[in-house]
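> Got a structure for you, written out below as structure tokens; questions coming shortly.
The values are calculated or read from the model by the stated rules, or taken from the named source; none is laboratory data. Since the structure is predicted, the reported quantities are computational estimates derived from the model, not experimental observations. Every residue, glycine as well, gets a Cβ built from its backbone with ideal geometry; the counts of neighbours run over all protein chains shown. The area values use the complete protein model at the heavy-atom level, side chains included, leaving out ligands, DNA and RNA. Shrake-Rupley method; radii C 1.70, N 1.55, O 1.52, S 1.80 Å.
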Amino acid sequence: PRLFPLNSIFGATSSDVPTIARFVVTSDIDRHCLAFACNPIGSETQDKLLIRFSDQEDPSNWTPTLSNTAGDLRLSQGTEITGVQQTRKEILVWTDRSLHTIQFQGEPFTFGQALIADNIRLAGPNAMIGVNDLVYWMGYENFYRYDGRVQVIPCSVRSHVFNDINRQQFSKVYAGTITQENEIWWFYTSGSSNENDKYVVFNYAENVWYTGTLARTAMHDASSSNRQFPQAVGADKFLYNHEKGLEDGSTS
């Protein structure tokens, strides 16, 4: 994940906006902007477990006062935040060895946190996906589902995937969905490659798995983009329609 100057968006009108953040999320229900793995107020040093949030409906104001809802909290497990996924009720936050929930509580603390599970890891910052308010992700040795509790998903191709995956390229794992087929796709880098060249698919309606070879780096479902077909980015930097015809069409 790259670092970037968030305060450059708001310019001179901003107040204590984080200058460093690994992830930024807008909370849909309560309308706060949250920065994960960011710098504290008054410091330019990144705290990889710190979460800060802006005043409600004001993403330019991050200065906590008695009259606003800006503030911060710090996770108690792990050494760095590695992933963030929002659901309708909460925000899930992974560290390098735990999973936490962040939920809006209102005054006086605005947000609260709780540890969901420890000894849980996320393959990469894009290795999770939300479907019907459930969250699925690829870890280092298993696939998982969260529906209020963490469950390991039985996987018939687990050994095939994790014995072949290039663990030095875990950060490139990308999860996508084709909801019309009830499928979750994970694109990953095989042991003989340095770029994504294979995939594993979980059909959550039929509880079946299948694998294949395909060079894709990112994916967008048709249902979330108002397009006729799901689309994915090829390793050749072209954008491809999926579920249309039988040929890959890649130029590489």
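> Looking at (1) free of Cβ contacts under 8 Å to residues at least 40 places away in the same chain; (2) closer than 30 Å to residue 205 by Cα; (3) surrounded by fewer than 20 Cβ atoms within 10 Å (Cβ to Cβ); (4) not acidic (Asp, Glu), which one does residue 121 not meet, given that it meets all the others?
Against the list (1) free of Cβ contacts under 8 Å to residues at least 40 places away in the same chain; (2) closer than 30 Å to residue 205 by Cα; (3) surrounded by fewer than 20 Cβ atoms within 10 Å (Cβ to Cβ); (4) not acidic (Asp, Glu), residue 121 comes up short only on (3).
> Quick one: what pairs do we get from segment 146-165, first residue without any contact (Cβ under 8 Å) to a residue 24 or more places away in the chain, second not in a loop (DSSP other than H, G, I, E, B), C-beta under 7 Å, 6+ apart or different chains?
Close Cβ pairs (under 7 Å, with a partner that is not in a loop (DSSP other than H, G, I, E, B)) amount to 147/134; 151/144; 151/145; 152/144.
> How many residues does segment 76-100 hold that are farther than 15 Å from residue 119 by Cβ, open to solvent by 10 Å² or more (accessible area, probe 1.4 Å) and either among the aliphatic types (A, V, I, L, M) or in a strand (DSSP E or B) (or both)?
Counting residues in segment 76-100 that are farther than 15 Å from residue 119 by Cβ, open to solvent by 10 Å² or more (accessible area, probe 1.4 Å) and either among the aliphatic types (A, V, I, L, M) or in a strand (DSSP E or B) (or both) gives 3.
> Only residues that are closer than 18 Å to residue 209 by Cα and exposed (fewer than 15 other Cβ atoms within 10 Å of the Cβ): list them for segment 141-157, please.
141, 151, 152, 154, 156
> Considering only segment 195-206, state which residues are in contact (Cβ under 8 Å) with a residue 24 or more places away in the chain and either basic (Lys, Arg) or open to solvent by 30 Å² or more (accessible area, probe 1.4 Å) (or both).
Of everything in segment 195-206, those that are in contact (Cβ under 8 Å) with a residue 24 or more places away in the chain and either basic (Lys, Arg) or open to solvent by 30 Å² or more (accessible area, probe 1.4 Å) (or both) turn out to be 195, 197, 198, 204, 206.
> If you go through segment 12-42 one residue at a time, how many are closer than 13 Å to residue 58 by Cα and assigned to a loop (DSSP other than H, G, I, E, B)? Before you say what the answer is, go through the steps one by one.
Step one: of segment 12-42, the residues closer than 13 Å to residue 58 by Cα are 13-17, 26-27, 30-34.
Cutting the leftovers down to assigned to a loop (DSSP other than H, G, I, E, B) gives us 14, 16-17, 27, 30-32.
Residues in segment 12-42 being closer than 13 Å to residue 58 by Cα and assigned to a loop (DSSP other than H, G, I, E, B): 7 in total.
> Have a look at 142, 126 and point out the one that is without any contact (Cβ under 8 Å) to a residue 40 or more places away in the chain and under 18 Å from the mean Cα position of the chain (by Cα). Steps first, please.
Details: 126 fails: without any contact (Cβ under 8 Å) to a residue 40 or more places away in the chain.
Answer to the check: 142.
> Would it be correct to say that residue 151 is in a helix (DSSP H, G or I) and not hydroxyl-bearing (Ser, Thr, Tyr)? Even if it seems obvious, please write down each step before you answer.
Numbers: in a helix (DSSP H, G or I): no; not hydroxyl-bearing (Ser, Thr, Tyr): yes.
Criteria not met by residue 151.
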